[in-house]
Amino acid sequence: MKTRKLALSLAAVLVLALVAPVVGQPFADVPTNHWAYDAIAELAAKGLVEGFPDGTFKGNQPLTRYEMAMIVARIIARIEAIPTPPPPEVRRADLDAVRRDLTAATGRIAASERTIATLQRLVNEFRAELQALGVRVTALEEELSALRARLDNTRITGLFDASYIAPGTATALAGTPLVGNLAGPLYTFGAADIWPRIRLQYTGSVAPGVSVFLRSRYYSTVGGAHTVDFDRAYITVDNLFDVERLQLRAGRDTVTLGPIGLLLDEGNGNDRRTGVYVRWSLAPISLLGFVQWQDAAQANPATVVGGRLAFALLPGWTLGVNARSDALNGAAPAAPAAGAGRSDGFGWSADLSGDLLAGLRLTAEYANYRNDTFSTTSNYWQVQAALDFATLFGVEALSPKLTLWYKDFDPLNIPRPRANLRSPDFYPSFYFTPNLRAFGARLDLKLLDNLTAWALGEWGNFKTPLVAPYSGDSWNLWEGGLTWTVAPRVDVTLFYVSSTAGGLTVQQAAGLYAATRW
């Protein structure tokens, strides 16, 4: 708790860096050689924190949410008190000079972005307490959004990651419902390999309310194919036709319908497609409509049309209804189990999610798909509960979080772009786990400030018995791992995964994943 109190004090100093000078004023129990001496003295000098009557700070005493809310409220009051002069008359030469100055001030802009992000996180964390103090949270968030929009005119971000998989076990899947997952596991872990990947993301503002997003990537396997392409490329127009919150997006992107995505989750295997997407929201309703047309370059010439209608029933609760329609338009059909299925068909889904209690979130989703090409109809449903033990029970040691789920999937009949029927492990090992009833659990722990751990398991039964060499219908998957934040935006993950079907191991491997973002 001592660390948390000092860290929050430092965050407040960061926010104030733009609005006030630095003045030192120590407390009796904060020695001058303490690592947080300057930050605490600065907060006290600005009147944001007050010591106890005996003149001490008591830095090892837990900070209550009410105390933190008072600090944030004082920060907001000081920001709101900053006078805003009327805009001066601006000439074209002035604009050119400002543009040159901004180009030369990339570092300062990045620092301002971090400052705004810090204040936004504080507002989100202490929203209820700030509202109780009479702070206009909504107005503040609008001001933060306006500031962020000014800073976000153009930016380039990136990702570099690499994976190493130690030699393991990858049993042939013939005779199991998992057969057809790209002719085996998503990643065949039978031999060691390294997979490097680089992503560069460009976001640029073309005009007021109009932006462009491009994502280029390079990835390969050692001794395998090398790929360079743009897997995201779209233009976004906000407030289309001056209609507030009406957004148009055109280009290559992905869509997920529902919080789980049992009907459609194009992130499962990066099934990006070219299309047009329209979003509009007017509380308590939000709408999404899209069409993704034939794109033979993505090995899927079928056209997909779909949408989502969501209602905010109560604070923290959302009800959604989704639909998708697939049309071959004369293209050759392919069975969904082949991993690149193409067919005519129609599906719909419904979902409900919300906070039953503070720290307890429930999600339920049901999907139905009718495959007209192969004359099959399948149903898929999943329920899950996410528990935050610190919020729910006050257990702050290790910050435990537990997710529980149950799923009931019929045989796979949804074509590509894929639905989220994948296994729950880190990579994951399988794009699809159909024809299965299973329970699952995942526990996440914060061992240190820069070290987290997780363990998960899923166990159940296939709906039809397996054939030789497998026996019975059992399914089990286990995984454990650690993620070490070596430095800001640099993570290293170690994991081990094992899965069995019908009493035989179909997947077993250990691996390392390293990533850095900028």
Would you mind getting me the FRET efficiency between residue 58 and residue 312? Use the beta-carbon distance for r and R0 = 56 Å, nearest 0.05. 0.85
Heads up, I need the accessible area for residue 491: 1.4 angstrom probe, whole protein in place, Å², nearest 10. 40
Tell me, in nm to one decimal, what length is gained between residue 406 and residue 512 on full extension, where the rule is 0.36 nm per residue of separation less the Cα-Cα distance? 35.3 nm
Classify the stretch 401-477: rounded, prolate or oblate, from the alpha-carbon gyration tensor (a ≥ b ≥ c, eigenvalue square roots; a/c under 1.5 rounded; otherwise prolate if a/b is larger than b/c)? prolate
Expressed in square angstrom to the nearest 10, the accessible area of residue 280 with a 1.4 Å probe stands at 80
Residue span residue 489 to residue 447: 0.36 nm per residue of separation minus Cα-Cα distance leaves a gain in nm of 13.3 nm
Stretch residue 244-residue 482 to full length: gain in nm at 0.36 nm per residue minus the Cα-Cα span? 81.3 nm
R0 = 35 Å: FRET efficiency of residue 212 with residue 325, Cβ-based, nearest 0.05? 0.75
Computed magnitude of the charge dipole of the stretch 355-406 (debye, nearest 20; Cβ of K, R +1, Cβ of D, E -1): 100
Simple spin-label model, 7 Å along Cα-to-Cβ: residue 159 to residue 439 in nm? 3.4
Under a Cβ-only charge scheme (Lys and Arg +1, Asp and Glu -1), can you give me the dipole magnitude of the stretch 397-480 about the Cα centre, in debye to the nearest 20? 220
Can you tell me which of 403-413, 418-428 comes out highest on packing, and rank the rest after it, using the mean Cβ neighbours within 10 Å? 418-428, 403-413
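The values are calculated or read from the model by the stated rules, or taken from the named source; none is laboratory data. Keep in mind it's a predicted model, so treat the numbers as computed, not measured. All Cβ positions, glycine included, derive from the backbone under ideal geometry; neighbour counts span all protein chains shown. Areas reflect the complete protein model, heavy atoms only, side chains present, ligands, DNA and RNA absent. Shrake-Rupley method; radii C 1.70, N 1.55, O 1.52, S 1.80 Å.
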